[in-house]
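Just below is one structure, and these are the notes that go with it.
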């Protein structure tokens, strides 16, 4: 075999190996990106579940807590803002994500205030419908935490994959961008006030 043919075979083999590596790396990045998209959909689903519970909760509280119209209005407004604020996972921006998280945080605060005022209404606390809604809401809040953590774990795996060398070269060529993580709400850093 002459030297030119041998060099051609070696170059072709190296090119084929490079192409296979690129295809494999690209496919892994797509799979990881789809996992992030799936986890994001799970988070949105739980937030939607919470939003769907709120009108029934507000209606139940309204029947008992007639003097708390401002608190009820704040919950309704926070819910409206939270459901109108969305994130397009395919065009993910940090600003959009933070607005989404801020709107959800405002809804958390409004719900917290609503639950605090219910302490002043023993008949409301004794109402089975209210207790059922409160239990469903608590379960949903737990599900939200679990899905946010699963999203963060999946996002970390994806971000790590696309930022490592040599994947970072391919990820920038093919437009795979780092995704944002959920972080603790600003209000979560404040210690709760307990008054006796």
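The table that follows gives values for the structure above.
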item: Tally, over region 171-188, of residues that are in a helix (DSSP H, G or I) and either on the phi > 0 side of the Ramachandran plot or surrounded by fewer than 18 Cβ atoms within 10 Å (Cβ to Cβ) (or both); result: 6
item: Which listed residue is assigned to a helix (DSSP H, G or I), modelled with pLDDT of 85 or more and surrounded by fewer than 13 Cβ atoms within 10 Å (Cβ to Cβ), from 142, 168, 152; result: 142
item: Hits in region 114-124 (condition: within 18 Å of residue 56 (Cβ to Cβ) and touching a residue at least 24 places away in the same chain (Cβ under 8 Å)); result: 114, 117, 118, 121, 123, 124
item: Pairs with Cβ under 7 Å, 6+ apart, first in region 125-144 and free of Cβ contacts under 8 Å to residues at least 24 places away in the same chain, second buried (at least 16 other Cβ atoms within 10 Å of the Cβ) and assigned to a helix (DSSP H, G or I); result: 125/118
item: Any hit, region 53-60, residues being under 30 Å from residue 125 (Cα atoms), out of contact with any strand residue (DSSP E or B) (no Cβ under 6 Å at 6 or more places or on another chain) and free of Cβ contacts under 8 Å to residues at least 40 places away in the same chain; result: yes
item: Check on residue 33, free of Cβ contacts under 8 Å to residues at least 40 places away in the same chain and at negative phi; result: no
item: Unmet requirement for residue 56, which otherwise passes all of (1) assigned to a helix (DSSP H, G or I); (2) within 17 Å of the chain's Cα centre (by Cα); (3) surrounded by 13 or more Cβ atoms within 10 Å (Cβ to Cβ); result: (2)
item: Criterion (under 29 Å from residue 152 (Cβ atoms) and surrounded by 13 or more Cβ atoms within 10 Å (Cβ to Cβ)) met by exactly one of 109, 72; result: 109
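Let's see how each residue does on (1) touching a strand residue (DSSP E or B) at 6+ places or on another chain (Cβ under 6 Å); (2) at pLDDT below 90; (3) surrounded by 10 or more Cβ atoms within 10 Å (Cβ to Cβ); (4) part of a helix (DSSP H, G or I):
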| site | (1), (2), (3), (4) |
| --- | --- |
| 6 | no, no, yes, yes |
| 11 | no, no, yes, yes |
| 29 | no, no, yes, yes |
| 33 | no, no, yes, yes |
| 36 | no, no, yes, yes |
| 40 | no, no, yes, yes |
| 46 | no, no, yes, yes |
| 90 | no, yes, no, yes |
| 96 | no, yes, yes, yes |
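The values are calculated or read from the model by the stated rules, or taken from the named source; none is laboratory data. Bear in mind the structure is a predicted one, so any value in this text is a computation, not a measurement. Please note: Cβ atoms are built from the backbone with ideal geometry, for glycine as well, and neighbour counts cover all protein chains shown.
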